[in-house]
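Encoded as structure tokens, the structure appears first; notes follow it.
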Amino acid sequence: MNSLPASQPIIEITYLIASTLFILSLKWMSSPSTARRGVRAGEVGMLLAIGGTLLQHGIVDYKWIAIALVLGSGIGIPLGLVQMTAVPQRTALSHAFGALCVTLVGTAEFYLRSPDLSPFIMAALSMEVILGSLTFTGSLMAAGKLQEVLPQRPLTYKGQNLVNLSLLAIAVAVAGYLIMHPGAKQLFPVIVGIPLVFGVLMIIPIGGADMPTVISLLNSYAGLSAAAMGFGLGSKLLIVAGALDGSSGLILSVIMSKAMNRSFGNVLFGAFGQVQTSAVAGQEAKSVRSATADEASAILAAANKVVVVPGYGMAVAQAQHKVRELYDALSKRGVEVRFAIHPVAGRMPGHMNVLLAEADIPYDKLVEMDDINGDFAQTDVALVIGANDVTNPAARTDSSSPIYGMPVLDVNKARTVMVIKRSMSPGFAGIDNPLYYMDRTLMLFGDAKSFLNDIVREFGGGGQN
Ligand code: NAP
């Protein structure tokens, strides 16, 4: 009778604790007050998972593992230091690496074990390499579009969806044949090669504007392929971690699509972001009112209720600490200041929450869109800081607008609206914003950080930008 190695129970317990920590990590990350604990739990879980794997008795030589650890750390550490605004493309690169790893492991498993593969294991291996390969090239394309090293605009041609889906169908059909005949080694490259091409073709027709949602979906694919790898390798930890990743990525994509009033189908096949120039043209004819920092500070000082609406421009300018200084200055004068959080403000989910938490703005001052929209009519000043699309009233009133139906913050209902941005340039969706031409709106042209610094200086604070 084969006896288990002495380290096996330790490995199993380590994996159990790691799985529990992954689940708790996701739970804790869903609230700002426990998010830090959630990140720590995830980190400890991953450390235990790696530690347990290194104890596996099947490992005969640690040399290659050590080399891979050094190489991986050499790539991972600089990747962890990118600017906050580059996190979406950094995340896409992480998915690409994970998916490549899953594909390579699946390929090695197939050639080591073929033809002794049960239909179930062959099905898991096929799912693993198909999802892994398409996620690898798809994520690289998504990162390239977000980093603007590839054209952001959707590239479309007639019959594109049919070509793409046919390719995928061929790969699935070949996988079906391999499940019945796992000894047909010559066919295996087909279920790696076609999805690699499919990953590129799948992203080409999707505009840069939809990349964050697509990345979240690719995250889900990477998780599902890792779960399939767990079945192939008989690892419960991988099944749990992959399933968590797969389902949370999918839920996030649904939330993001909903907040943009888009369906999945529209994101994946709608080529959004193509017809944007006509809406922006013609804005020259309309006039706007602008104001200086001292005028803006006088208006803020006279207000009782102020709602700050942060957006992508606050992230670009890294203005969150200046926002905190303004919050302190106004609160000291007895002005009630709250922050309106739109679910897709910025470029990734929770972007504004993270930045405002970094500047130590109290959590209870952050109010979700649905809870604050009813209060704008009683608000003296809505101060929009680098937000554009999420405040665009055309989403409610103009059925021809590309963002028609997207829920927005009802900023235009405030008594005075002040908008800090550098120019009249459009935001992410590439469309004009009628909010800027309203009588009650004052444009505060400038970089968010330096303009806020000038306002804070009027209150006796401020300093270096
Ligand atoms: P936005 O519509 O992209 O507008 C950002 C504005 O910030 C721009 O109009 C820009 O105008 C201004 N800006 C840029 N740099 C600035 C600086 N240094 N100082 C001051 N202003 C600056 O942003 P948003 O209102 O936050 O809306 C987010 C958009 O992203 C939505 O369309 C949403 O659907 C999309 N999106 C978000 C997510 C997500 O998960 N958060 C995912 C997918 C898509 P100037 O150039 O004139 O300064």
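The values are calculated or read from the model by the stated rules, or taken from the named source; none is laboratory data. This structure is a prediction, so every number in the text was calculated from the model and none was measured. Reconstructed Cβ throughout: ideal geometry from the backbone, glycine too, with neighbour counts over all protein chains shown. Only protein heavy atoms, including side chains, enter the accessible area calculation; ligands, DNA and RNA are left aside. Shrake-Rupley method; radii C 1.70, N 1.55, O 1.52, S 1.80 Å.
Before moving on, here are some points about what is shown:
- When V419, V456 are checked against the criterion of being touching a Gly at 6+ places or on another chain (Cβ under 6 Å), open to solvent by less than 20 Å² (accessible area, probe 1.4 Å), closer than 16 Å to V381 by Cβ and of a type outside the set (D, E, K, R), a single residue qualifies: V456.
- In segment 413-428, the residues that are under 14 Å from K305 (Cβ atoms) and in a helix (DSSP H, G or I) form Cβ pairs under 6 Å with partners that are open to solvent by less than 40 Å² (accessible area, probe 1.4 Å) and more than 6 Å from the ligand (Cβ to nearest atom), at six or more places apart or across chains, as follows: K413/F376.
- Test result for A387, in contact (Cβ under 8 Å) with a residue 40 or more places away in the chain, at negative phi, within 12 Å of the ligand (Cβ to nearest atom) and not in a helix (DSSP H, G or I): yes
- Residue under evaluation S225, criteria (1) among the hydroxyl-bearing types (S, T, Y); (2) surrounded by fewer than 22 Cβ atoms within 10 Å (Cβ to Cβ); (3) at pLDDT 90 or above, criterion not met: (2)
- Selection from segment 375-384 of residues that are more than 15 Å from the ligand (Cβ to nearest atom) and crowded, with 22+ Cβ neighbours inside 10 Å: T379, V381
- Options P402, P426; residue that is at pLDDT below 90, in the same structural domain as A377 (by TED's automatic domain parsing), within 12 Å of the ligand (Cβ to nearest atom) and not basic (K, R): P402
- Every condition in (1) within 21 Å of the chain's Cα centre (by Cα); (2) buried (at least 20 other Cβ atoms within 10 Å of the Cβ) is met by I372 except one, and the failing one is (1).
- Residue selection: A395 fails the criterion of being more than 12 Å from the ligand (Cβ to nearest atom), assigned by TED's automatic domain parsing to the domain that holds V288 and not in a loop (DSSP other than H, G, I, E, B).
- Pair list, Cβ under 8 Å, 6 or more apart: segment 224-241 residue in the same structural domain as I121 (by TED's automatic domain parsing), other residue modelled with pLDDT under 95 and of a type in the set (K, R): G230/K236
- Criterion violated by I65 - all others in (1) over 24 Å from the mean Cα position of the chain (by Cα); (2) open to solvent by 70 Å² or more (accessible area, probe 1.4 Å) satisfied: (2)
- Single residue of R347, R338 found to be within 14 Å of the ligand (Cβ to nearest atom), outside any helix (DSSP H, G or I) and not aromatic (F, W, Y): R347
- Test for S331: is it in a helix (DSSP H, G or I), hydroxyl-bearing (S, T, Y) and open to solvent by less than 30 Å² (accessible area, probe 1.4 Å): no
- Subset tally (residues that are in a helix (DSSP H, G or I) and open to solvent by less than 60 Å² (accessible area, probe 1.4 Å)) for segment 69-89: 11
- Residues located in segment 85-105, provided they are of a type outside the set (A, V, I, L, M, F, W, C) and modelled with pLDDT under 95: T85, P88, Q89, R90, T91, S94, H95, G98
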